[in-house]
Amino acid sequence: MSVKKPSYYNHNGFLMPMGFPIEGFTSALKYEAQSSDIFLVTYPKCGTTWTQYILWLMQHQGEPLSSSEKLETYIPHIEEVGKETIENLPKPRVIKTHLPYQLTPYHPQAKYIYVARNPFDCAVSFYHHTRGFIKHYDFADGTFDDFFECFIIGEVDFGDYFDHLVPWYEHKNDKNVLFFTYETMKTDLKSIIIKIAKFLGDNYIKCIENEKILNKIIINSSLENMKKEQQRWSSKRPENMPSFVRKGEIGDWKNYFSSEQQQRLTEKFMMKTSGTNLETLWLHQAS
């Protein structure tokens, strides 16, 4: 079977979007994490932008970005912008990354927020993302079946989904790591906002103790609101392509996966998460 593959930069086996400057990746790996840093860590399409915006709202009393502001200016993607841009941010810095655990800049006092999403919905969202960013991937006419073959063997940007998830999950009980799921954000956003505040400390706790501010954060970070605001945060996409903030649904994968694809990803899930509690975290998603 002939499979159309997205195009990537290959950094000694680590794949990255073509639109990212090559020096951004190599520079990011040299960044020295600071004790006051807050890292937002995800595998692509697992709730990154959503959590980014929640952090912004918590820092700004629930007030949304103005029309002239971009989220990436305040919470930049380190692999894209490189270490110098990060070093020029005022402290405490909030830094977005898709790097796996072993490559993420580490400091024992820095804080790491990890958001996980079930691999089935992640694969579908990642497919639409890849198809939509033409200059990054040259995959506009790629099919889901094409992308699935790349996803299942980890030949996509930022590597294999499970190689990213499992090591971070193994550190979920570290004092400086907060681990939660995209699915919990969808079903109980308020509890996640409160968890983030308690994890990050005083200024964030004061923010959510004010019920009015907490409600503003919840309203302004809703997926419905973010879909309206997304043009501020995402690159211009062709009109016939899905938006950057797309459906955000749980279970949308069932509209794309064949029974064979479902079986193959379920088998890989069970194999790669064997010996962890992860094998039960989203098992119901595959039924």
Sequence-distant residues sharing a close amide H with TYR112 (under 5 Å, placed H): PHE39, VAL177, LEU178
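Take every DSSP beta bridge with both residues inside the chain and express the antiparallel ones as a percent of the total, to the nearest 5. Working shown, then result.
Values: 4 of 19 bridges.
Antiparallel bridges: around 20 percent, rounded to the nearest 5.
Given a cut-off of 22 Å, name the pairs among LYS45/LYS216; LYS45/LYS135; LYS91/LYS206; LYS45/LYS254; LYS5/LYS172; LYS216/LYS254 whose C-alpha atoms lie farther apart than that in the structure shown.
Working: LYS45/LYS216 25 Å; LYS45/LYS135 18 Å; LYS91/LYS206 19 Å; LYS45/LYS254 17 Å; LYS5/LYS172 33 Å; LYS216/LYS254 33 Å.
Beyond 22 Å: LYS45/LYS216; LYS5/LYS172; LYS216/LYS254.
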Dimensions (Å) - segment 124-224, Cα atoms, principal axes, largest first: 48, 33, 24
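How much length is gained if the chain between GLU155 and GLN263 is pulled fully straight, taking 0.36 nm per residue apart and subtracting their Cα-Cα distance, in nm to one decimal? Write down the numbers at each step before the final one.
Details: separation 108, 0.36 × 108 = 38.88 nm, distance 1.91 nm.
Stretched out fully, the GLU155 to GLN263 stretch lengthens by 37.0 nm.
How about segment 156-212: which trypsin sites (Lys or Arg not before Pro) there are in a DSSP loop, with at most 16 other Cβ atoms within 10 Å of their Cβ?
Values: sites: LYS172, LYS175, LYS186, LYS190, LYS195, LYS198, LYS206, LYS212; in loops: LYS172, LYS175.
Here the trypsin sites (Lys or Arg not before Pro) that fit, given the DSSP loop and packing criteria, are LYS172, LYS175.
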Chain lengthening between THR276 and LEU29 when straightened (0.36 nm per residue, less Cα-Cα): 86.1 nm
At a Cα cut-off below 16 Å, give the aspartates and glutamates reachable from LYS83, other chains included and same-chain residues fewer than 8 away excluded. GLU23, GLU32, ASP37, GLU72
Can you find, among LEU200, PRO100, THR42, the residue sitting farthest towards the positive end of the charge dipole of segment 8-255, where Lys and Arg contribute +1 and Asp and Glu -1 at Cβ? LEU200
Residues of segment 129-159 with backbone N under 19 Å of the label point set 7 Å from the Cα of SER2 along Cα→Cβ are 138-150
Relative contact order for segment 8-255, counting Cα pairs under 8 Å that sit 6 or more residues apart, in percent: 27
Taking alpha-carbon centroids only, segment 7-43 lies from segment 195-227 a number of Å equal to 28
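Plugging the Kirkwood radius over Cα pairs into Stokes-Einstein for the chain, at a temperature of 25 °C and a viscosity of 0.890 mPa s, what D comes out in µm²/s? Let's see the in-between values first.
Numbers: Rh = 19.5 Å.
Translational diffusion coefficient: 126 µm²/s.
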Expressed in nanometres to one decimal, the distance between label points 7 Å along Cα→Cβ at GLU63 and THR187 is 3.6
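Read the figures in this text as sums done on the coordinates, not as results from a lab. What you are looking at is a predicted structure, and each value in this text was computed from that prediction instead of being measured. Positions of Cβ are generated from backbone atoms using ideal geometry, with glycine treated the same way; all protein chains shown enter the neighbour counts.
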